[in-house]
1. Suppose we filter segment 203-233 for residues that are of a type in the set (S, T, N, Q) and under 15 Å from the mean Cα position of the chain (by Cα); how many remain?
2. If Arg245 satisfies all but one of (1) under 16 Å from the mean Cα position of the chain (by Cα); (2) within 19 Å of Gly385 (Cα to Cα), what's the number of the condition it fails?
3. Output the qualifying pairs, or none if there are none: Cβ atoms under 7 angstrom, residues six or more apart or on different chains, first residue in segment 198-216 and within 12 Å of Glu69 (Cα to Cα), second residue assigned to a helix (DSSP H, G or I) and open to solvent by 90 Å² or more (accessible area, probe 1.4 Å).
4. Can we say Leu270 is of a type in the set (A, V, I, L, M) and open to solvent by less than 60 Å² (accessible area, probe 1.4 Å)?
5. Could you tell me which of the residues Ala90, Ala44, Ala24 is without any contact (Cβ under 8 Å) to a residue 40 or more places away in the chain, of a type outside the set (Asp, Glu) and out of contact with any Ser or Thr (no Cβ under 7 Å at 6 or more places or on another chain)?
6. Name every residue in segment 146-163 that is open to solvent by 20 Å² or more (accessible area, probe 1.4 Å) and touching a residue at least 60 places away in the same chain (Cβ under 8 Å), in order of residue number.
7. When Pro229 is evaluated against the numbered criteria (1) free of Cβ contacts under 8 Å to residues at least 12 places away in the same chain; (2) open to solvent by less than 40 Å² (accessible area, probe 1.4 Å), which criterion, by number, is the only one it fails?
Amino acid sequence: MTTGAGVAESGAPRGRGLLLLSTASSALFSLAAQLLGLLSLPPASFGLFSLQYLVFALGTSVCLSVVSEPWLRTELGRGLRSPWSDYAGALFYLSAATVLATLVLSLIVPGLGPVAITGALAAGANVYRSGTRYHQVRTGQWRLALVADVVGVAVTVLVWAILSFTPLDALETLSWAWLAGGLGAAAVAARPHVRGPRAAVGWLRVHGEHISPLLRDSILMDIGSIATPFAVAPVLGIADFGVYRAVSNVAAPVRLVLNPLRPVLAGARLAAFRSLARIALVVGLSVGFGAAAAVALLIIGSLHIELGSLTALADYAVPTGLFVASNFLTLFYYMLARAHLSGSALLIGRIFQTVLAIACPIVGALLGGLNGAIWFYAVGTALSGVVWLWVVLRARSEVAEPVDVDIEDEPLP
């Protein structure tokens, strides 16, 4: 363990230009496989890909709760920072667990057999990359993070383009590209550390006080965001499920802009985000993202542009736009809560969001099929955003707030 003097500024880049480049590169890397899938896969194939991607999403969620955010909160709260070897050891075991979980799912679900191994390895590699990037951003290694992102994007697109001219079908092509990009970025990012089981036990002992509330929160979140889609899939059928999952993927730019900024937001003062002006700014950005998504889908539909599963979503432009706007609002205030608030405050927000995330899509699918599922999904997400805003405004911060960073000098998300 090392002292955390100056931890508030350790995750901030020296220049705004580097922050913007690094954020954009992370967004492009994470968006590459999803975007290629939206554009190249028919709804049924995209639904199959989404099932594997949901396991990857579960892996990244657990990574944040067990590895990344407990490491950060221990640093902010006690001024102690676990070394990279400890962090990487815990991350390796979590990535391996993601590989196993994805493989088991792929061998059970009909249609995923041909991409069982490649999809499982891709999910694990990308979870590992997600965890290493969080560490790099927090420790000021922005240039290394940028290079790894660029390599990941380039490899993903290049492999996908090359394999598109082979006898492989579209789903297999995307799976190989997803795997290659994840391995490429992970290989550039940082040297892995494989340690014995005692290291994992030691990690839990050092960071357990933060892992417990974060993991509890993540479990509730994952029930809504990951388990619910698995419940909706049989109701809709795999083709309509592909369209339903495309709604979430249209909001990927929102998540990909905000997720790389988690360490930066965590190192800022929570009070600054409670001002009326800052709230209005966040709401305005939410509306802007949602309007842009709706207009883009309306254009695609009116011009009859063939873009895989994205074209099928054009008939649902309005509820998709509402979902995108609500997703920005929800994720922004949820990230602030995760970094700063107590376990009890997180639990309140998470219970409300989980109930909405479970009930709304399932009820919508049962009552109105695909159209009902999408509209109820969007409305439930909007209500979740209001809940998280309320939680952030009312709750007190649990971790030590930095006193040497002027939030007005921080780049706005």
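The values are calculated or read from the model by the stated rules, or taken from the named source; none is laboratory data. If you're wondering where the values come from, they're calculated on a predicted model, not measured in any experiment. Note that each Cβ is placed from the backbone with ideal geometry, even for glycine, and that neighbours are counted across all protein chains shown. Heads up: the accessible areas ignore ligands, DNA and RNA and are worked out on the full protein's heavy atoms, side chains in. Shrake-Rupley method; radii C 1.70, N 1.55, O 1.52, S 1.80 Å.
1. The total comes to 2.
2. (2)
3. Close Cβ pairs satisfying both conditions: Ile211/Leu204.
4. Against the criterion (of a type in the set (A, V, I, L, M) and open to solvent by less than 60 Å² (accessible area, probe 1.4 Å)), Leu270 qualifies.
5. Sole residue among the options that is without any contact (Cβ under 8 Å) to a residue 40 or more places away in the chain, of a type outside the set (Asp, Glu) and out of contact with any Ser or Thr (no Cβ under 7 Å at 6 or more places or on another chain): Ala24.
6. First, the residues of segment 146-163 that are open to solvent by 20 Å² or more (accessible area, probe 1.4 Å): 146-147, 150-151, 153-155, 157-163.
Within segment 146-163, Leu146, Val150, Val153, Val157, Trp160 meet the criteria.
7. The failed condition is (1).
Per-residue answers, yes or no, for (1) of a type outside the set (D, E, K, R); (2) part of a helix (DSSP H, G or I); (3) closer than 21 Å to Ala27 by Cα:
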| residue | (1), (2), (3) |
| --- | --- |
| Ser286 | yes, yes, yes |
| Gly290 | yes, yes, yes |
| Ile305 | yes, no, no |
| Thr311 | yes, yes, no |
| Ala317 | yes, yes, no |
| Gly321 | yes, yes, yes |
| Ala325 | yes, yes, yes |
| Tyr333 | yes, yes, yes |
